[in-house]
Amino acid sequence: MTSVVEAANPPVRKTVIVSASIEHAFQVFTEGFDTWWPRSHSIGQSPMRRAVIEGKVGGRCYQESIDGSQCDWGRILVWEPPSRFVFAWQLTPQFEPEPDITKASEVEITFSAAPDGSTRVDLEHRHFDRHGVGAELMRRGVDSPGGWGSLLQMYAAAAGRKEPAALAPVSLIFKLNTGMLRTALDGIAADDLWQRPTPQSNPMLWIAGHIVQTRALVLALLGDQFDTGWGDLFARGAAIRDRSQYPSRADIDAVHRQVIDRLRTGFAALTDADLSAPARGRQLPGAKTLGDQLAFLAFHESYHIGQLAYVRKALGHSAIAG
């Protein structure tokens, strides 16, 4: 039986057409959630670093803030890729976290493939009565100009954006290097991270920091000035100092996650015209265009991944590939 509160606050329904396949549309909404969710829609005490939807029943929907804290705002109830998923909306009418799932409304998103290759995305936000006396306030909030309607437009723009063909190989190299960097450091004790097989080789953690610092240079080329806070500690040709002067692996990992998130956003905004535009800022060998610069820096990064693999094996650890 429909309650009086529920009848007075019917579901909010929104629809958007995405210029992408159903598989891509689903992936961008979920795995790529952070690429389109606005930073203005933050619920933590600290500004948002990234927004995450964990793709599984029981998976968390949460915000990770720049101070390292995490704040849950939802829980996956149904997971049926690429056609449908449902999550509990665990926020109060004041948009503060609500840990009691019985007091959470519910959001269902369905994806329907169209004959022309596009995808219809339907969103239904329902069960506002579970918010009690704040039901009407919650419904008004998600149905407001800054609510689901505008959010779906942001999502559709991100999902329908086509990555320039020329960027795809470079983007893949950065993605592969990210995985290999993590693999290279896996299982390495803190002391070994600072071992040098020869006086001429750099420690693994220094190489990792140098890679992340160089990725910040990539951001600068994309117009995103990001300061790692490390100064010249990991600069090319820098003398190795006492390890106490360097950030920990955890700190390097935290900065790396920020850089990766921002690179993803920056790459998504690039066009063919951007890639063919004259090289920006720092001149790199043979680089005449921005696309050339990105390719050079992807090569540079791969060179250092090879160094990591060498040092790792020299210290008696397993190979990172093969």
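The values are calculated or read from the model by the stated rules, or taken from the named source; none is laboratory data. Values in this document were obtained by computation on a predicted structure and should not be read as measured data. Ideal geometry is used to build each Cβ from the backbone, glycine not excepted, and the neighbour counts take in all protein chains shown.
Can you work out which of the residues in region 61-79 that are of a type outside the set (Phe, Trp, Tyr) and closer than 19 Å to Arg126 by Cα is nearest to the chain's Cα centre (by Cα)? Filtering region 61-79 for residues that are of a type outside the set (Phe, Trp, Tyr) and closer than 19 Å to Arg126 by Cα, the one nearest to the chain's Cα centre (by Cα) comes out as Cys61. Looking at this structure, is Gln70 of a type in the set (S, T, N, Q), modelled with pLDDT of 90 or more and out of contact with any helix residue (DSSP H, G or I) (no Cβ under 9 Å at 6 or more places or on another chain)? Yes; evaluated as a whole, the condition is true for this residue.
Do you know which of the residues in region 197-222 that are modelled with pLDDT of 90 or more and part of a loop (DSSP other than H, G, I, E, B) is nearest to Leu294 (Cα to Cα)?
Leu222
Candidates in region 74-105 are the residues that are charged (D, E, K, R) and in contact with a helix residue (DSSP H, G or I) (Cβ under 8 Å, 6 or more places away or on another chain); of these, the one that is surrounded by the most Cβ atoms within 10 Å (Cβ to Cβ) is Arg75.
Screening region 114-159 for residues that are among the small types (Gly, Ala, Ser) and within 23 Å of the chain's Cα centre (by Cα) and picking the one that is nearest to Phe267 (Cα to Cα) gives Ala158. Taking the conditions (1) of a type outside the set (Asp, Glu); (2) in the same structural domain as Ile17 (by TED's automatic domain parsing); (3) free of Cβ contacts under 8 Å to residues at least 40 places away in the same chain in turn, Trp148 satisfies each one other than (3). Scanning region 50-73 for residues that are buried (at least 16 other Cβ atoms within 10 Å of the Cβ), of a type in the set (Val, Ile, Thr) and in a loop (DSSP other than H, G, I, E, B) gives no hits.
Condition check ((1) in a loop (DSSP other than H, G, I, E, B); (2) touching a Leu at 6+ places or on another chain (Cβ under 6 Å); (3) modelled with pLDDT of 95 or more; (4) under 26 Å from Thr119 (Cα atoms)) across all residues:
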position: Arg13; (1), (2), (3), (4): no, no, yes, yes
position: Val16; (1), (2), (3), (4): no, yes, yes, yes
position: His24; (1), (2), (3), (4): no, no, no, yes
position: Val28; (1), (2), (3), (4): no, no, no, yes
position: Pro38; (1), (2), (3), (4): yes, no, no, yes
position: His41; (1), (2), (3), (4): yes, no, no, yes
position: Gly44; (1), (2), (3), (4): yes, no, no, no
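If you go through region 264-301 and keep only what is within 15 Å of Pro164 (Cβ to Cβ), among the aliphatic types (A, V, I, L, M) and not in a loop (DSSP other than H, G, I, E, B), you end up with Ala268, Ala273, Leu275, Leu290, Leu294, Ala295, Ala298. Among all residues of region 121-133, there is at least one that is more than 20 Å from Cys61 (Cβ to Cβ) and surrounded by 15 or more Cβ atoms within 10 Å (Cβ to Cβ).
Would you mind finding the one in Pro47, Pro10 that is exposed (fewer than 14 other Cβ atoms within 10 Å of the Cβ) and under 20 Å from Ser150 (Cα atoms)? The match here is Pro10.
One line per residue, one yes/no per condition, for (1) at pLDDT below 95; (2) out of contact with any Cys (no Cβ under 9 Å at 6 or more places or on another chain); (3) farther than 13 Å from Lys14 by Cα:
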residue	(1), (2), (3)
Phe95	yes, yes, yes
Ser105	no, yes, yes
Ile109	no, yes, no
Asp116	yes, yes, yes
Arg120	no, yes, no
Glu124	no, yes, no
His127	no, yes, yes
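Looking across region 254-302, the residues that are farther than 30 Å from Ala321 by Cα and in contact with a Gly (Cβ under 7 Å, 6 or more places away or on another chain) come down to Leu275, Ser276.
If you filter region 106-120 down to residues that are of a type outside the set (A, V, I, L, M) and in contact (Cβ under 8 Å) with a residue 60 or more places away in the chain, you find that the one that is surrounded by the most Cβ atoms within 10 Å (Cβ to Cβ) is Thr119.
Apart from one condition, Ile240 fits all of (1) assigned to a loop (DSSP other than H, G, I, E, B); (2) in the same structural domain as Ser118 (by TED's automatic domain parsing); the exception is (2).
Of the residues examined, Arg264 is one that is within 30 Å of Ala156 (Cβ to Cβ), in contact (Cβ under 8 Å) with a residue 40 or more places away in the chain and of a type outside the set (A, V, I, L, M, F, W, C).
Does Ile53 satisfy being among the hydrophobic types (A, V, I, L, M, F, W, C), closer than 30 Å to Asp227 by Cβ and at pLDDT 95 or above?
It is true that Ile53 is among the hydrophobic types (A, V, I, L, M, F, W, C), closer than 30 Å to Asp227 by Cβ and at pLDDT 95 or above.
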